[in-house]
Amino acid sequence: MPFTIAPRALLGCVALLLATVAAAQERVPGQVPNPSKEPPIVTPGATPGAPPTDAIVLFDGTDLSKWVSQSTAGAPAPWIVADGIVTVKPGSGGIQTKQGFGSCQLHIEFATPSVVSGEGQGRGNSGVFLMNSYELQILDSYQNKTYFHGQAGAIYKQHAPLVNVSRKPGEWQTYDVVFHAPRFDADGKLQRPATFTVFHNGVVIQDHVVVMGLTFHDKPPYYEAHPDKMPLSLQDHHNPMRFRNIWIRELSDQ
Ligand code: MG
């Protein structure tokens, strides 16, 4: 009787052979397998600093519709928009985004007042709070001494910037930020701290530094569990700081 093999068994043999070949190809010594997912296509901004196509534009110069007041819950953001720029209204309180964000890439442009007033922390002070909790300091640090982990580009009271690359008062400056959100377990215990990488005017000033906890000016930082996504906020420190071209890209957390 001739040797026969059932069609289903034959298919199984072929599938096994193909899987073995595929596995062997993936295990070529010294080579990394090609990821299964193709990187999505993103069109970059037309000019340096302009938002790419997958960015969420938070302020494009027209209005503060993506923001609300921090001092009056639910009220419109009270800062002043004119000529494509938003200016802090001193004493009105900070503003925060309506949408929450976790890990992200952020681009923001700011200018300290061209007429210098005050010194140290009282001169051109504001701040970008990631997740409403972790402050990247904004300050006029052009020939203006203060404590090092409180100057422009500091992770406030935690990490001084690597260098001081501040422009003169009144000139436009940029922060480009890569922020990874902290992770907490179901009991609220910290599993992974937050990190910051920051470029100030194109120069790296924070190189993947580990955040020690919430930002305080009068006590050491510590972590407190919070949701995976929280608003981005800008600080009113009673100086008429100006902002423009603010956009953000959400990052999937690896
Ligand atoms: Mg500040």
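Working carefully through the options D187, D228, find the one that is among the acidic types (D, E) and over 14 Å from L130 (Cα atoms). Step through it out loud before you land on a result.
Numbers: D228 fails: over 14 Å from L130 (Cα atoms).
Going through D187, D228 in turn, just one is among the acidic types (D, E) and over 14 Å from L130 (Cα atoms): D187.
Anything in the stretch 179-205 that is within 21 Å of Q151 (Cα to Cα) and in contact (Cβ under 8 Å) with a residue 60 or more places away in the chain? List them, or say none. Before the answer, list the steps.
Taking the stretch 179-205 as the starting set, the residues that turn out to be within 21 Å of Q151 (Cα to Cα) are 179, 194-205.
Matches in the stretch 179-205: F179, A194, F196, V198.
Could you look through the stretch 74-104, keep only residues that are among the β-branched types (V, I, T) and more than 15 Å from the ligand (Cβ to nearest atom), and pick out the one that is farthest from E171 (Cα to Cα)? Lay out the reasoning, then the answer.
Here is the first cut: in the stretch 74-104, the residues among the β-branched types (V, I, T) are 80-81, 85-88, 95, 97.
If we keep only those that are more than 15 Å from the ligand (Cβ to nearest atom) as well, we get 80-81, 85-87, 97.
Working: I80: 19, V81: 18, I85: 13, V86: 15, T87: 14, T97: 25 Å.
If we take residues in the stretch 74-104 being among the β-branched types (V, I, T) and more than 15 Å from the ligand (Cβ to nearest atom), then T97 is farthest from E171 (Cα to Cα).
Quick check on T197: is it in a loop (DSSP other than H, G, I, E, B) and either more than 14 Å from the ligand (Cβ to nearest atom) or over 12 Å from the mean Cα position of the chain (by Cα) (or both)?
So T197 fails the test.
Inside the stretch 92-104, can you point out the residues that are buried (at least 19 other Cβ atoms within 10 Å of the Cβ) and touching a Lys or Arg at 6+ places or on another chain (Cβ under 7 Å)?
Correct list: T97, F101, G102, C104.
Are any residues in the stretch 31-54 charged (D, E, K, R) and either surrounded by 10 or more Cβ atoms within 10 Å (Cβ to Cβ) or under 30 Å from F110 (Cβ atoms) (or both), and if so, which ones?
Restricting attention to the stretch 31-54, the residues satisfying the condition of being charged (D, E, K, R) are 37-38, 54.
Result: D54, single match.
Do we have any residue at all in the stretch 67-76 that's closer than 23 Å to A181 by Cα and in contact with a Pro (Cβ under 6 Å, 6 or more places away or on another chain)?
Here is the first cut: in the stretch 67-76, the residues closer than 23 Å to A181 by Cα are 67-68, 70.
Then drop every residue that is not in contact with a Pro (Cβ under 6 Å, 6 or more places away or on another chain), which leaves none.
There is no residue in the stretch 67-76 that is closer than 23 Å to A181 by Cα and in contact with a Pro (Cβ under 6 Å, 6 or more places away or on another chain).
Which of (1) within 16 Å of the chain's Cα centre (by Cα); (2) within 16 Å of the ligand (Cβ to nearest atom) does H237 not meet, given it meets every other one?
(1)
Taking the stretch 105-123 on its own, how many of its residues are among the β-branched types (V, I, T), away from the ligand (no atom under 13 Å from the Cβ) and either modelled with pLDDT of 95 or more or buried (at least 23 other Cβ atoms within 10 Å of the Cβ) (or both)? Walk me through it before giving the result.
Pass one, the stretch 105-123, residues among the β-branched types (V, I, T): 108, 112, 115-116.
Subset that is away from the ligand (no atom under 13 Å from the Cβ): 108, 115-116.
Next cut, either modelled with pLDDT of 95 or more or buried (at least 23 other Cβ atoms within 10 Å of the Cβ) (or both) only: 108.
Total meeting the criteria: 1.
Could you list, in sequence order, all residues of the stretch 124-178 that are more than 12 Å from the ligand (Cβ to nearest atom), assigned to a loop (DSSP other than H, G, I, E, B) and in contact (Cβ under 8 Å) with a residue 60 or more places away in the chain?
M131, N132, S133, Q158, E171, W172
Test of understanding: among D207, D218, D187, D228, which residue is within 15 Å of the ligand (Cβ to nearest atom), surrounded by fewer than 18 Cβ atoms within 10 Å (Cβ to Cβ) and either under 30 Å from G84 (Cβ atoms) or charged (D, E, K, R) (or both)? Before the answer, list the steps.
Working: D207 fails: within 15 Å of the ligand (Cβ to nearest atom); D187 fails: within 15 Å of the ligand (Cβ to nearest atom); D228 fails: within 15 Å of the ligand (Cβ to nearest atom).
Matching residue, one of D207, D218, D187, D228: D218.
Given the structure, is H180 at pLDDT 95 or above, surrounded by 17 or more Cβ atoms within 10 Å (Cβ to Cβ) and more than 30 Å from D54 (Cα to Cα)?
No, not satisfied.
The values are calculated or read from the model by the stated rules, or taken from the named source; none is laboratory data. The structure displayed is predicted, hence computed values, not measured ones. FYI the Cβ positions are ideal-geometry reconstructions off the backbone, even for glycines, and counts take in every protein chain you see.
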